[in-house]
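To start, the structure itself, in structure tokens.
The values are calculated or read from the model by the stated rules, or taken from the named source; none is laboratory data. Source: prediction; values computed, not measured. So basically every Cβ, Gly included, is an ideal-geometry build from the backbone, and we count neighbours across all protein chains shown.
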Amino acid sequence: MNSTPTEDLLRVSLQEEAAEVAPAAPDLADRVLRAGARRRTRRFVGAGAAVAVVTALAILVPQAVNGGGGAGPAQVAERMDVVGHPDQSPPRELIAAGGTAVAAWYTTDWVEQPGGDRILTSTYHLYNPTTGRYGQVPWAFVAVAPGMRTAAVLEGELPARRIGVVDLASGKVQRWIPVDRPVGGLEYAPDGKRLLATTYAKNPDRTFKDKPRSVNDEVLPGPDPSRTGFGVVDLGSGKGSWHDVGYAGSEMDRALVNSREDFGWTHDGRQVHTTDVGTTSYYDLSGAKTSTPAAERHVGYVIAGFSPNGKLIGGPMTDSGRIESAVIDPVTGETKAVVPGQQLLAWADNRRLFAWGCDPAACSGKGEFRNRLLLVEIGKDSAVPLSNFRKPNDAAPGRWTPVFASRH
Amino acid sequence: MDADQQTAFREFVRDRSSALLRTAVLLSGGDRHAAEDLLQNALVKAAGRWHRIEEPEAYVRQILYRQQIGRWRLKGRRRELSVAEPPERPASTQSGTEAAESRIVLRAVLGRLTARQRTVLVLRYFEDLPEARVAQQLGCSVGTVRSTTHRALARLRVLAPELAPLERPEEPAAPTAPSHLEATR
């Protein structure tokens, strides 16, 4: 069948446009694997605690926000416990819902070093309850304690020789905890009383000119995985117990491991886990490898992890082709519910989650694929926007990553 | 993923991501940033299921195509996109320049179609898939593909009247009667 001139023009036009598209970023595979494989699970004080008392905080419930990227002023309304700022990205003022808040956020940039190495440098902004805003801090790594009164920090360049405990209200270091081994990552235990520190011989965020790798025909500095193990630091006494744990898998696996592969707590706070080359391994607190705990059997790579009551796990996007993620039964592995989010990040309570996504009621055009922080709820198709869309602009960095902590 | 799978995944991304990105940019109406998000999300999904995927390119492409359609379904009645301003009528005297300007005009108005219309046009006229394959990729009927294509082309002609003179004499320049247009195909 002959085509019409419009169709011919359309063909040529599409081909021209496609030909002008610059190649994909050379580190795309790395980014995808990091997003998929690394679990930086945020745990909350939940076991045994009753649902936190809901104080009547003034909240902002956004009305129909323009999906084109700009947002109209948020409207104030009395509602439960949700604090959102859909006009802000990255956030300037506190974002919170249920028992959880965005306690900090960070951006990352590759910074060239003299000599040709590069360092993936994080810039953190930590919540200050005195001002009600996030303020930039100089630390290379930040973890916020349950209750959001203190944070554990590491100085750059990593790995660090001591752990600082910072008071959020003043921003000052209350004390320094010396460590036996150099530390590159931190995570608070669910009870908030211990810190899990991942130890590294070299900076896990540095890539090395003398370890080059070829990406898309370009030669770039490459990673040099140097994780040595982990330590558990008791915050009360400041004492730590340190354990050598090598990478799981063969020497060949080591070539494929991310250089930053931190340990994380299991939901019950009794073991730790890490994911080397896509497989998750578990260890007890003496550093001995164990089999997968039954309760963790269906936990995948999704950051959100267990709900506060332990009855549900945040899951991956479904196969449906719609923008939605599964919520999974940890005992059976079955999908119990589906929520309208692209990536589930943290539980606000036992029914609601923070997620990256795009509010189906408000997205259109360019707004469709840029994502923003949403609050999604089991049983609801709609979502509450909590931040503006992440996009680069002159005034602020584009891609920010939230750090969650429980508010109480 | 085990070591072999991760190697295979990296090779797949290294070899195919630029081609996939080109398609994603067309699907997004020219928005590269949106296209990068779209592609990255699709690759994360593929990585999560890598050990079960037989044809990675087909799998990732289907996710790219269907993300659009899925959103369309969630939204119900769609508003008009207004990604691009209506282009000015180009003043030109030579046919070569006219053709080039028509292509620029066309690119701008593609952004103003619905995601579903644009997806179908990209699959039919850039990926050059037959109607039955488009239907299979999008999970709809061939009839739907056909009618969406007609409406999309008609919409292009409405949004870019400059294209009208290009049409053959027997086809209407202004599609006031869509059913008539469908019949001519």
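Please count how many residues of the range A:324-358 are within 11 Å of chain B (Cβ to nearest Cβ) and crowded, with 24+ Cβ neighbours inside 10 Å.
Our first condition is that a residue be within 11 Å of chain B (Cβ to nearest Cβ); within the range A:324-358, this holds for A:324-325, A:340, A:342-343, A:356-358.
Next cut, crowded, with 24+ Cβ neighbours inside 10 Å only: A:325, A:357-358.
So the count comes out to 3.
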| Would you pick out the residues in the range B:8-62 that are within 7 Å of chain A (Cβ to nearest Cβ), β-branched (Val, Ile, Thr) and surrounded by fewer than 23 Cβ atoms within 10 Å (Cβ to Cβ)? | B:Val44
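Has the range A:103-111 got at least one residue that is modelled with pLDDT under 90 and in a loop (DSSP other than H, G, I, E, B)? Outline the logic, then answer.
Step one: list which residues in the range A:103-111 are modelled with pLDDT under 90, which gives A:108-110.
Within this subset, residues satisfying the condition of being in a loop (DSSP other than H, G, I, E, B) are none.
No: zero hits.
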| field | Matching residues in the range A:290-302 - criterion: being outside any strand (DSSP E or B) and away from every other protein chain (no Cβ under 12 Å) | value | A:Ser291, A:Thr292, A:Pro293, A:Ala294, A:Ala295, A:Glu296, A:Arg297, A:His298, A:Val299
| If we keep just the residues of the range A:317-354 that are part of a loop (DSSP other than H, G, I, E, B) and polar (S, T, N, Q), which is modelled with the lowest pLDDT? | A:Ser320
| query | For residues in the range A:21-39 being at pLDDT below 85 and more than 7 Å from every other protein chain (Cβ to nearest Cβ), which is farthest from A:Thr275 (Cα to Cα)? | reply | A:Arg34
| note | Here, strands (runs of 3 or more DSSP E) confined to the range A:178-268 with at least 2 residues that are of a type in the set (A, V, I, L, M, F, W, C) and within 30 Å of A:Pro330 (Cβ to Cβ) are A:194-200, A:227-234
| message | Among the residues of the range B:132-151, are any assigned to a helix (DSSP H, G or I) and within 18 Å of A:Val12 (Cα to Cα)? | response | yes
| said: Among the listed residues A:Gly171, A:Gly229, identify the single one that is at pLDDT 95 or above and not aliphatic (A, V, I, L, M). | reply: A:Gly229
| Given the residues A:Gly357, A:Gly314, which is the only one that is of a type outside the set (A, V, I, L, M), modelled with pLDDT of 90 or more and under 15 Å from the mean Cα position of the chain (by Cα)? | A:Gly314
| Output for the range A:297-307, where each listed residue is surrounded by 23 or more Cβ atoms within 10 Å (Cβ to Cβ) and either among the basic types (Lys, Arg) or more than 27 Å from B:Leu39 (Cα to Cα) (or both) | A:Phe306, A:Ser307
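If a residue has to be in a strand (DSSP E or B), over 30 Å from A:Glu377 (Cα atoms), touching a residue at least 24 places away in the same chain (Cβ under 8 Å) and not aromatic (Phe, Trp, Tyr) to count, how many in the range A:112-143 make the cut?
Of the residues in the range A:112-143, the ones in a strand (DSSP E or B) are A:112, A:118-128, A:133-137, A:141-143.
Then drop every residue that is not over 30 Å from A:Glu377 (Cα atoms), which leaves A:112, A:118-123, A:136-137, A:141.
Subsequent filtering for residues that are touching a residue at least 24 places away in the same chain (Cβ under 8 Å) retains A:118-123, A:137, A:141.
Next, only the ones that are not aromatic (Phe, Trp, Tyr) stay: A:118-123, A:137.
So the count comes out to 7.
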| request: Please state which of the following conditions A:Met1 fails to meet, knowing it meets all the rest: (1) at pLDDT 85 or above; (2) out of contact with any strand residue (DSSP E or B) (no Cβ under 9 Å at 6 or more places or on another chain). | output: (1)
